[in-house]
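Since the structure comes first, as structure tokens, the remarks are kept for the end.
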Amino acid sequence: MIDLLIRSARIAGSPDSAPVDLQVDRGVILEIGPASSDPVPARTIIEARGALLSAPYVEPHIHLDTALTAGEPRWNVSGTLWEGIACWSERKALLSRKDVIDRAEEILRWQVANGVLFVRSHVDVTDPKLEALDALLEVRDRVKEVVELQIVAFPQEGICSFPDGEKLIEEAAQRGADVVGAIPHFEDTREDGVRSVEIAIDVAVRHGLMVDAHCDEIDDEQSRFIEVLATQALRTGLRERVTASHATAMGSYNAAYSYKLQRLLQRSGINLVCNPLVNLHLQGRFDGYPKRRGLLQAKEMLGAGVNIAFGHDDIMDPWYPLGTGNSIQVALVGAHATQLTAPSEVEECFRMVTDRAAAALCLGERYGIARGRPANFMLLPALSPFDAVRRQVRPSHVVAHGRLVASAPPAATKLDWPGRDTELVDHIRLRDAAGATWRDRGDV
Ligand SMILES: [Zn+2]
């Protein structure tokens, strides 16, 4: 008897959409085969009825230590990154280990309910006691049976421009961070910015860690630390183990420099993370009209072969007052913000919160729907990734290491319509723009 059987699901991204059965035992995908009505002894059976089987969402960029602190001790009224950093500096003085753990775990519960099973969280290490880092290291261990958490040692107030910044980043690596961060555009001088990237890369190389820098998160066309980060990634061989997050200055770069940068980023192998919710909100605040969007060049960089993921970034904190930890919402806003709205581009936006984000986190064979891999997946009541993004469906089932950890019935609205009573289920149409169809109404 196996632990779990999923009957008649369609795998997202598979070339033919023939339904499959998936067998799971001891936390691992045992078998994937054509859907069949043959009896298979299983402790739990889930009838997928043609729903989309997808690897889970991957959150490549969030700040769990700051989440749920919006308005404490005061609101960020200007809506700028800079006032956010000032508000956080005041809130940071009130941090306790329990405070961080409670807020981080609450957000992780929201994310798991939304189908997110891999999370990369930055944690501010410009705190001499490293209280939030220790708290998140404890959370990483507490939640590991459900969600894999990667922790980035993030120097919010700088490495070179903050007292003992270099020592703190080294200490964070020794205490067990997975990834080394940086914030070169925030450093006092350009030289400090370059030096901070070199320090982050050096710490990562010595400790065998990855690098994920907040890089050029400013509407300043002169902010070009991404070329430093990419060059260091190339020369040290860290390559795809390096990520440039935000890179919003790219939205202000001229065409000649953008072309040069495409080539460098493609050769370097680094990943980009675009955070559309937060950067649409934060950037352009100093502009008159026309007002910049303040986002990296997603369409052009994807075209050049650079891996890009979408991240949520903040949830109800000094930098962003909204958010529910829902990756499909990030994909929808990202599609609009980056104008990736052709059917194949919307499917790409779905990949930017699944496969592409998994690549940025270097998850390798720990991720994906394939025999022998950990049984982490979700069922989406949708025709296709395009359909899932358009209708913003929530997963009907989320399975982590072979265990059903979240489930939700479809949302239906009863309509009293002239001439007929109807039930509207999640705005389904029988055919979507990407060409996928339901086999019959019974599939829904
Ligand atoms: Zn961030």
Here the qualifying pairs (Cβ atoms under 7 Å; residues six or more apart or on different chains; first in the stretch 148-170 and assigned by TED's automatic domain parsing to the domain that holds residue 83; second in a strand (DSSP E or B) and among the hydroxyl-bearing types (Ser, Thr, Tyr)) come out as 149/121; 151/121; 152/121
Just name the residue that is farthest from residue 306 (Cα to Cα) out of those in the stretch 261-295 that are within 16 Å of the ligand (Cβ to nearest atom) and not hydrophobic (A, V, I, L, M, F, W, C). 281
Between residues in the stretch 50-78 that are more than 18 Å from residue 357 (Cα to Cα) and residues that are of a type in the set (Gly, Ala, Ser) and crowded, with 24+ Cβ neighbours inside 10 Å, which pairs lie under 6 Å by C-beta distance while being six or more apart or on different chains? 51/9; 52/382; 65/132
Residue among 192, 178 that alone is farther than 23 Å from residue 260 by Cα and more than 24 Å from the chain's Cα centre (by Cα): 192
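Matching residues to (1) in a helix (DSSP H, G or I); (2) surrounded by fewer than 24 Cβ atoms within 10 Å (Cβ to Cβ); (3) outside the structural domain of residue 137 (by TED's automatic domain parsing):
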position: 172; (1), (2), (3): yes, no, no
position: 185; (1), (2), (3): yes, no, no
position: 188; (1), (2), (3): no, yes, no
position: 194; (1), (2), (3): yes, yes, no
position: 200; (1), (2), (3): yes, no, no
position: 205; (1), (2), (3): yes, yes, no
position: 213; (1), (2), (3): no, no, no
Scan of the stretch 89-119 for residues that are surrounded by 18 or more Cβ atoms within 10 Å (Cβ to Cβ), part of a loop (DSSP other than H, G, I, E, B) and of a type in the set (Gly, Ala, Ser), ordered by number: 115
Would you mention how many residues in the stretch 371-406 are part of a loop (DSSP other than H, G, I, E, B) and under 16 Å from residue 330 (Cβ atoms)? 4
If residue 87 satisfies every condition in (1) farther than 22 Å from residue 151 by Cα; (2) within 16 Å of the ligand (Cβ to nearest atom); (3) free of Cβ contacts under 8 Å to residues at least 60 places away in the same chain but one, which is the exception? (3)
Please indicate, with yes or no, whether at least one residue in the stretch 347-356 is over 11 Å from residue 58 (Cα atoms) and outside any helix (DSSP H, G or I). no
Subset tally (residues that are away from the ligand (no atom under 15 Å from the Cβ) and either touching a residue at least 60 places away in the same chain (Cβ under 8 Å) or outside the structural domain of residue 264 (by TED's automatic domain parsing) (or both)) for the stretch 215-231: 1
Failed item in (1) in contact with a strand residue (DSSP E or B) (Cβ under 9 Å, 6 or more places away or on another chain); (2) on the phi > 0 side of the Ramachandran plot, with residue 361 passing the rest: (2)
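The values are calculated or read from the model by the stated rules, or taken from the named source; none is laboratory data. What you see is a predicted model; the values in this text were computed from it and never measured. Neighbour counts are summed over all protein chains in view; Cβ atoms, including those assigned to glycine, are modelled from backbone coordinates with ideal geometry.
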